[in-house]
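Chemist: Below you'll find the structure I mean.
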């Protein structure tokens, strides 16, 4: 497995126990993603970035059995049976798949192949990752604040079949409703031709997506007003 190492200061230089993997989409192309993750005032990062051609980039140590703390999850929680896990940066590996919006665009075959290779390698170092329940999307741990990645277009069944063929896969549902996805598809018609403004365009659409998800969450949690 060929891996390109990319240096970043957007990490915390201490080792973490690895209990989960969290999947994301980047909302930007590879060049802009790496720029964001290596710009100090941006603060954010991920352990791994996988480009559309399957190229693998390691920004924060994890592939050789020692994982440092990256800043990929933000405020987050997950109910595991009767126990709530919080602050996923403290015990998870973040993997970013280059995709402008995983609720609009499919992921490439090369990305799935590379992702599977990465997970299999991580499983050799971190036994917890041999449990399919330990693979989550950002939307599962932070959907309450609008996060919607990896999104409706991500094929969870494909991933689980290759990485956990002998185990029953958990249900993984996207937080993005199909009706919202249909509306998001319309933005493809107005995608800028200029690469330099394409990422900012799709980052704006991702902000719109998150805002819509938060409003949907709010509407679902509040009782319907009777008029």
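Since every read-out is calculated from the coordinates, none of them should be taken as a lab result. Every value quoted in this text rests on a predicted model; they were computed, and no experiment measured them. FYI the Cβ positions are ideal-geometry reconstructions off the backbone, even for glycines, and counts take in every protein chain you see.
Chemist: Counting each DSSP H run of 4 or more residues in the chain as -39500 (n - 2.57), what helix-only mean residue ellipticity at 222 nm follows after dividing by all residues, to the nearest 500 deg cm²/dmol?
Modeler: The helix contribution divided over the chain gives -10000 deg cm²/dmol.
Chemist: With a 10 Å cut-off between alpha carbons and a GNM built on the chain, which of 204, 174, 76 moves the most?
Modeler: 204
Chemist: Next question, about the same structure. When the chain is treated as a GNM, springs tying every alpha-carbon pair under 10 Å, which of 190, 72, 47 comes out with the largest mean-square fluctuation?
Modeler: 190
Chemist: Please label the shape of the stretch 3-221 as rounded, prolate or oblate, based on the square roots a ≥ b ≥ c of the eigenvalues of the alpha-carbon gyration tensor (a/c under 1.5 means rounded; beyond that, a/b larger than b/c means prolate, else oblate).
Modeler: Because its axes are fairly even, with a/c under 1.5, the stretch 3-221 counts as rounded.
Chemist: Among 141-153, 59-71, what's the highest-first ranking by average C-beta atoms within 10 angstrom per residue?
Modeler: 141-153, 59-71
Chemist: Please give the Cα centre distance for the stretch 1-29 versus the stretch 180-212, rounded to the nearest Å.
Modeler: Each part's Cα centre sits 25 Å from the other's.
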